[in-house]
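The values are calculated or read from the model by the stated rules, or taken from the named source; none is laboratory data. What you see is a predicted model; the values in this text were computed from it and never measured. Don't worry about glycine lacking a Cβ; one is built from the backbone with ideal geometry, like all the others, and counts go over all protein chains shown.
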Amino acid sequence: MPVRSTEWEGVYTDGPWLLTRNLVPGAVVYGEGLVHGRDGEFRRWDANRSKLAAYLKRGGQVWPFRGRSSVLYLGAGSGTTASHVSDVCADGTVAAVEISPRSFRGLLALSEKRPNLIPILGDAAKPESYGARIGSVDVLYQDVAQRDQDGIFLRNLDLLRSGGIGFLMVKSRSADVSASPATVFDSTKRALAHARVDLVDFRYLEPFQADHGAFVVRKS
Ligand SMILES: C[S@@+](CC[C@H](N)C(=O)[O-])C[C@H]1O[C@@H](n2cnc3c(N)ncnc32)[C@H](O)[C@@H]1O
């Protein structure tokens, strides 16, 4: 039976599983299991498929997502994690940027059922191309697995409101295939130290996501 988390608003647990309440009852997004409870229908949130779920499984402490939050999600793919954020921020907005037309098609189909999901076909390295449509958001979430992932995140910080929270999911092999994850993560920490943010949490995402680290910052 799903139990409401006291730490993470909008997240439920069922034994080892994390769950979110399904915004579109009866619909699955990536083959996840559905669980029925007293409060309705819930979707299992797989930490092996989602870095944000892995962050929670690794004891992540910072959880800014609320029912009415506005979120800018960079590198949404076909919407696996974005769909869970859309469940949590049911009365908010999730603007989801994706560069690959193929993945974007999945995102677009998802947005037809989820009114709070705004799909944007675009390049996260060029926030000026979508910034005017987004305005200023409560939460910035990035998972682009690109060589310049730090630089892309820093450029998008202008779209995060003051006091807002940013998540930067870093894949060390994307930044430098030959460097150790620890070396890549140190380099990201140095890059963030020069920005207008405070690092408020960091988690290694092993064993759920190999060579990944989650950086969480608060904008000054
Ligand atoms: C690891 S996958 C994302 C998985 C997704 N975040 C999830 O958890 O469901 C990384 C995604 O970032 C996208 N991407 C890479 N570079 C990008 C860019 N410059 N702008 C927008 N999306 C980008 C890729 O096409 C890919 O779909």
- Scan (1) at pLDDT below 95; (2) in contact with a Phe, Trp or Tyr (Cβ under 6 Å, 6 or more places away or on another chain) for the single condition Arg38 breaks and write down its number. (2)
- Query: Mind checking whether some residue in region 41-50 is under 26 Å from Leu205 (Cβ atoms) and touching a residue at least 60 places away in the same chain (Cβ under 8 Å)?
  - Reply: yes
- Message: List the residue pairs whose Cβ atoms are under 6 Å apart, where the first residue sits in region 111-135 and is farther than 28 Å from Arg21 by Cβ, the second is assigned to a helix (DSSP H, G or I) and charged (D, E, K, R), and the two are 6 or more positions apart or on different chains.
- Response: Pro127/Arg155
- Task: Could you check, for region 12-29, whether at least one of its residues is in a loop (DSSP other than H, G, I, E, B) and of a type in the set (Asp, Glu)?
- Result: no
- Message: I'd like to verify a number: residues in region 139-188 that are closer than 20 Å to Val85 by Cβ and in contact with a Leu (Cβ under 8 Å, 6 or more places away or on another chain), how many?
- Response: 19
- Kindly list, by first and then second residue, each pair from a residue in region 142-157 that is free of Cβ contacts under 8 Å to residues at least 60 places away in the same chain to a residue that is more than 6 Å from the ligand (Cβ to nearest atom) and in a loop (DSSP other than H, G, I, E, B), limited to pairs with Cβ atoms under 6 Å and residues at least 6 apart or on different chains. Leu154/Ala195
- Query: Restricting the search to region 201-220, which residues are over 21 Å from Ala47 (Cβ atoms) and either surrounded by fewer than 16 Cβ atoms within 10 Å (Cβ to Cβ) or out of contact with any Asp or Glu (no Cβ under 9 Å at 6 or more places or on another chain) (or both)?
  - Reply: Ser220
- Taking Leu199 as meeting all but one of (1) more than 20 Å from the chain's Cα centre (by Cα); (2) closer than 18 Å to Tyr55 by Cβ, write down the number of the exception. (1)
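A quick yes/no check of all residues on (1) out of contact with any Lys or Arg (no Cβ under 8 Å at 6 or more places or on another chain); (2) not hydroxyl-bearing (Ser, Thr, Tyr):
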site: Asp123; (1), (2): yes, yes
site: Val137; (1), (2): no, yes
site: Gly164; (1), (2): no, yes
site: Lys171; (1), (2): yes, yes
site: Ser187; (1), (2): yes, no
site: Val217; (1), (2): yes, yes
